[in-house]
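**Student:** Handing you a structure now.
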Amino acid sequence: MNPQPPTSPDAALMAALARLVRGLSALFWGLPVALILCVQTAKGDWLQPLGILPPVAATGLVFYGLVLLGAFRPQERVWIAALDHAKLSALAAVGLSPFLFWWNRLPHQAFYLWIVELLVFDGLVFLLLLNRVLWRLVAMLPDETLRLETRLFTTLNRYFLAASILFLGGYLVLMRLQNVPHRLLDFLLVLNRSSLWLELFLVLLPVATTMAMLWKVKEIILNSVFTSR
């Protein structure tokens, strides 16, 4: 029996790049699908026959995309550390997502509401970490223009997401305080009536920007590596 020939460095790199492109595609499609299915599971009725499956599958797709990214440059500690942090947040979203269905069924259960709020908070943190992952990824690619664009958009996204996390955290804390000034309480009640739309606003802009960067990075890798061979 003849021994298998060793894999060449070029073949190993191509395999890692192929997994990288699949991971970027999974993240590109997984982010909006997860957002839509999670909101529909929490507030709608047409996904109820499927139970917890839609949000778990959608958040699982996002986690799978991050796993695929790990095949690229596994020896780069800073890159892998950023990826591991994002994986941890994505895995937390997978574990918390079933509570969207249970909260839909029992909306007055305070425990379910707290978990859903934690999931929203985790979603914002995940987007913040994903933007850091993208910046670390692009820093390893040879395209200088892409690096400059990614630095600009990830910086804007991270500032916006950090402000959104602080705003959401302050809002949730104030809603649970007993002695709140009347004017502030009235303002909080207005926000509470439109809390779903507020959360969507905090998420939609960074999701759209992150998707654009994911697509651009994927296309540049495909054009510069695969089509040239």
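The values are calculated or read from the model by the stated rules, or taken from the named source; none is laboratory data. Nothing here was measured: the structure is a model prediction, and the numbers come from that model. Backbone-built Cβ (ideal geometry, glycine too); neighbour counts: all protein chains shown.
**Student:** Only one residue in Leu35, Leu17 is closer than 22 Å to Val94 by Cβ and of a type in the set (A, V, I, L, M, F, W, C), so which one is that? Break it down into steps so the answer makes sense when it comes.
**Tutor:** Numbers: Leu17 fails: closer than 22 Å to Val94 by Cβ.
None of the other options fit; the residue is Leu35.
**Student:** Looking at the range 37-46, is at least one residue assigned to a loop (DSSP other than H, G, I, E, B), among the acidic types (Asp, Glu) and out of contact with any Lys or Arg (no Cβ under 8 Å at 6 or more places or on another chain)? Walk me through it before giving the result.
**Tutor:** So the first thing to find is which residues in the range 37-46 are assigned to a loop (DSSP other than H, G, I, E, B), and the list is 44-46.
If we keep only those that are among the acidic types (Asp, Glu) as well, we get 45.
After this cut, where a residue has to be out of contact with any Lys or Arg (no Cβ under 8 Å at 6 or more places or on another chain) as well, the list is 45.
Yes, the conditions are met somewhere in the range 37-46.
**Student:** Report the residue count in the range 86-118 for those that are free of Cβ contacts under 8 Å to residues at least 60 places away in the same chain and in a helix (DSSP H, G or I).
**Tutor:** Here the count works out to 23.
**Student:** Pick from Ala81, Ala11, Ala71, Ala42: which is surrounded by fewer than 16 Cβ atoms within 10 Å (Cβ to Cβ) and under 27 Å from Leu128 (Cα atoms)?
**Tutor:** Working: Ala11 fails: under 27 Å from Leu128 (Cα atoms); Ala71 fails: surrounded by fewer than 16 Cβ atoms within 10 Å (Cβ to Cβ); Ala42 fails: surrounded by fewer than 16 Cβ atoms within 10 Å (Cβ to Cβ).
Sole residue among the options that is surrounded by fewer than 16 Cβ atoms within 10 Å (Cβ to Cβ) and under 27 Å from Leu128 (Cα atoms): Ala81.
**Student:** I've got another one for you. When you go through Leu137, Leu141 one by one, which is the residue that is more than 11 Å from Leu161 (Cβ to Cβ) and modelled with pLDDT of 90 or more? Let's see the steps before the verdict.
**Tutor:** Values: Leu141 fails: modelled with pLDDT of 90 or more.
Of the residues listed, the single one that is more than 11 Å from Leu161 (Cβ to Cβ) and modelled with pLDDT of 90 or more is Leu137.
**Student:** Are any residues in the range 143-159 loosely packed, with under 15 Cβ neighbours inside 10 Å and among the basic types (Lys, Arg), and if so, which ones?
**Tutor:** Taking the range 143-159 and keeping what is loosely packed, with under 15 Cβ neighbours inside 10 Å, we get 144-145, 148, 151-152, 155-156, 159.
Within the range 143-159, just Arg151 meets the criteria.
**Student:** Let me ask you something else. Return a yes/no flag: does the range 25-39 have any residue that is at pLDDT 90 or above, over 17 Å from the mean Cα position of the chain (by Cα), of a type outside the set (D, E, K, R) and more than 17 Å from Phe121 (Cα to Cα).
**Tutor:** No, the range 25-39 has no match at all.
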